Each structure stands twice: as C-alpha cells, then as structure tokens.
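Undergrad: One structure, pasted below without further comment.
No lab work stands behind these numbers, since they all come straight from the coordinates. Just so we're clear, the structure is a prediction, and the values are computed from it rather than from any experiment. Positions of Cβ are backbone-derived with ideal geometry, glycine not excepted, and every protein chain shown enters the neighbour counts.
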Amino acid sequence: MIARRALCLLTVVTSASLTSAAVAQQGQPIPGASPSGSASVTSPSGAAAAQPNPYDPSMQAGGLAPPPPMTTPEPEPAAPDGGTERRLDEARERDSGRGLEIVWLNVEGGYENVGLQTFNIDEDDFTAGFVSSAANGGLIGAGVGVRLLYFTLGARGRVGLFSDWQLFTLGGEAGMHLPLGKLDPHVDLGFGYAGLGSVKSAVSGAADAIAIRGFYGRISGGLDLYLSPVFSLGANASWELLALTRPGLSSGAIDRIKGGAAAPQQAKADLLAAEGSSVGSALALTAVAGLHF
C-alpha cells in the first residue's frame, strides 16, 4: 500500500516537471532556426547548412516550379532616325516643287482632220455637194480654269483653219490629273457648241445661204512637263464627235443658188429646201504651253 502511494506521487512529480520545462521553452528560439524564422539544418560537424533555393530547377516537385521573380526589361537604345530624313530628301528630289495649283491657263496649236459626215453615207442629204465635208489643216486654241488637287474645271475654245471653211468650238472641260513629280499626265472630257464659219463654195450664193451648226463631245489625253512651278510644256491628242444640222433654205435662196450653178447642180439645189443633219468627227494633235498659279 505504501509502495503504491509512493509510485503515484513519483508520477505526479514527473508530469509537473515536464510541463514546467515545456512552458519555459515556448519563448526560446528553436535551435538551428535562422533569425527570419526559416529552419536550418545542422550538419554532424555542428555547422549550419543553408536552406536550398526554392527557384533551383533541381528542386522542382512533380514537374512544377515556382515562377521566377518578375523583372522589368531594359529599353533598347533608339536607333538614329536617319531613314525618315533620307526619305524626305528623296521626295524633295522627285518633287518638282510645284506647290498647290489653283488657276491654270494654256494655249495650243497643231494639226486637225475633220469629217463632217463621218457617220453619214449620203452626202446629198447634208450639203448636196455645195460645201466640202472633209478637211485637213491647222488648229489653234486656248483654255482657262481652276484646279482642285487632281481635278480641273474650265472652258476651252478652238478654231480649225481649213481652205473651204473654219470649224469653231467653244465649251466646258473637266479633267483628271496624276502628278508624277515634274510630269503631269491627264485625261479630259469636253462638251459645247460647234459651228462652221467663213464657208466657201464654187457656186455663187451657196456660201452665204448654207449654215451648219451643232454640238461636240470631246475626249482628250496628254502629258505636261513642268519646267518650273508656273510654266509647263506638253502634248495633247483629242477626238471629237460632231452632231451638226443644216437649216432648210427658203425658195428665194435656192433660186439664187440655181442662178449661178450648172445644170447638174441646179437639180441638187432643191435638196437644200429640207433640213439636213450629220454626225461627224475630228482628230487633233497639238502642242500645249501652260501657266499655273
């Protein structure tokens, strides 16, 4: 009985001693721990071994590794901006320095071929043979207008100089231009009035009585070379469609024509009593000198 009580007392004393020792050690640092709280491993020789680097590829677990720390890439040094300046120099060499063009005017001269009845088969229906319906000769003309970047609007007049008559045209014109440095290719469309003047005839009275009037539609193209910002020289080719009419003559006018005509022509003079119409054409090649402001 005494021995059993002694054993219980020894057990209580031992438990109290162990509890006191544990409480005393709660505030003490763990042996081998680093100041930052990470534990270090003590080698058998007593030296502390460093904790392995968590970003070391050899420490990957299951094929996964923590991402490396983020770093900001340093900007690459900027290359000297020589390309832009070089391109500007090349553009200046190609450019004529023309600047913005607002107003233009030009004069032209060259050769023209005209057929008053290009699309008509029977000549007697139009002039009855009293006036020549085909001619070759010189051409002079002038134009003036405004330019809006690639487009031009203006007016143009021309005079075709032929032996039997003159062909006058006057109307509006619209063009599209493609500036290529000093070169300026263009295409133009025109429409307006056309008429014959100074008509000559071998028959007395026919020249004064016969009048031919109508309209034209023109398409042309050319190339201008700017020798300076305000002056250019160029060449132009154009084709015109002529829609012409001849008013019918009175009986008095026909009698005057018959009085000066031979017998075969007297019979044809009666054809002039009815109005005649025709569709003709004209082809022209000209040299052009222009001013630009």
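Undergrad: Could you work out how far apart the two model spin labels at Val159 and Ser228 are, taking each label as a point 7 Å from the Cα in the direction of the beta carbon, and quote it in nm?
TA: 2.9 nm
Undergrad: Can I ask one more? How far, in nm, would the chain grow between Arg86 and Ala237 when pulled straight, counting 0.36 nm per residue and subtracting the alpha carbon separation?
TA: Contour length minus Cα-Cα distance gives 50.5 nm.
Undergrad: Taking 0.36 nm per residue of sequence separation and subtracting the Cα-Cα distance, how much length would be gained by fully extending the chain between Ile102 and Gln266, in nm to one decimal?
TA: That pair, Ile102 and Gln266, stretches by 53.3 nm at full extension.
Undergrad: Still on this structure, I have one more. For Glu173, Glu85, what ranking results if the residue with the fewest other Cβ atoms within 10 Å of its Cβ goes first?
TA: Glu85, Glu173
Undergrad: For Lys268, which lysines qualify as cross-link partners when the Cα separation must be under 26 Å and same-chain residues fewer than eight apart are set aside?
TA: Leaving aside lysines fewer than 8 places away in the same chain, those within reach of Lys268 are Lys200, Lys258.
Undergrad: Can you tell me what share of the DSSP beta bridges in region 104-151 is antiparallel? A percent to the nearest 5 is fine.
TA: 100 percent
Undergrad: Expressed in nm to one decimal, what extension gain is obtained for the pair Ala273 and Leu148 from 0.36 nm per residue of sequence separation less their Cα-Cα distance?
TA: 40.1 nm is the gain from fully extending Ala273 to Leu148.
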